[in-house]
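Taking it in order: structure first as structure tokens, then the write-up.
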Amino acid sequence: MIAERYRGDLRSADIDVRELAVHRRVGRLNYSRRCAEASAVQAHLKQGIKLAPGMEMGYVAKDAKKWDVAPERTTSEFDAAYYEKLLDKAWEEVAFALKG
């Protein structure tokens, strides 16, 4: 299965972490609750990367359970389990079209 092949590669050292970046358009700079986007905004601002609503940002989840993310261009770490779940979810959404 295609998804299984990529799943196995997630934990290898051959992956460019930037390829795992999630890209979102910044909607606001302040959030009332914790979420990946709120953490991403804070991580960018903490590193001196200016953001404003409407801009696009890219981030990589380092520890999804703690909402620990980093700007895509400044990290070499990622949460493999989180990306495996994203891959599984994406596969579920397209698998029906490939079955024939």
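Using the number of other C-beta atoms within 10 angstrom as an exposure proxy, rank VAL94, VAL22, VAL41, VAL69 with the fewest first.
VAL94, VAL22, VAL41, VAL69
Measure nothing fancy, just the Cα-based angle from helix 36-46's long axis to the longest principal axis of the chain, in degrees from 0 to 90, nearest 10.
It works out to around 50 degrees.
Give, rounded to the nearest 20 debye, the magnitude of the charge dipole that the chain has about its Cα centre when Lys and Arg contribute +1 at Cβ and Asp and Glu contribute -1 at Cβ.
With Lys and Arg at +1 and Asp and Glu at -1, about 500 debye.
Using only helices, what value at 222 nm comes out for the chain when you add -39,500 (n - 2.57) per DSSP H run of length 4 or more and divide by the total residues, to the nearest 500 deg cm²/dmol?
Details: 3 runs with 38 residues, N = 100.
The helix contribution divided over the chain gives -12000 deg cm²/dmol.
For the chain, find the longest principal axis of its Cα atoms and tell me its angle to the long axis of helix 80-98, 0 to 90°, nearest 10.
50 degrees
How many nm is it between the label spots at ILE15 and LYS89, if each spot is 7 Å from the Cα in line with the beta carbon?
Output for this residue pair reads 1.5 nm.
Report, in listed order, any pair from LYS65/LYS99; LYS46/LYS85; LYS46/LYS89; LYS66/LYS89 with a Cα-Cα distance greater than 22 Å.
Pairs exceeding 22 Å: LYS65/LYS99; LYS46/LYS85; LYS46/LYS89.
Bear in mind these aren't lab numbers, they're just calculated from the coordinates by the rules spelled out. Since this is a predicted model, take the numbers as computed values, not measurements. Note: ideal-geometry Cβ built from the backbone for every residue, glycine included; neighbour counts use all protein chains shown.
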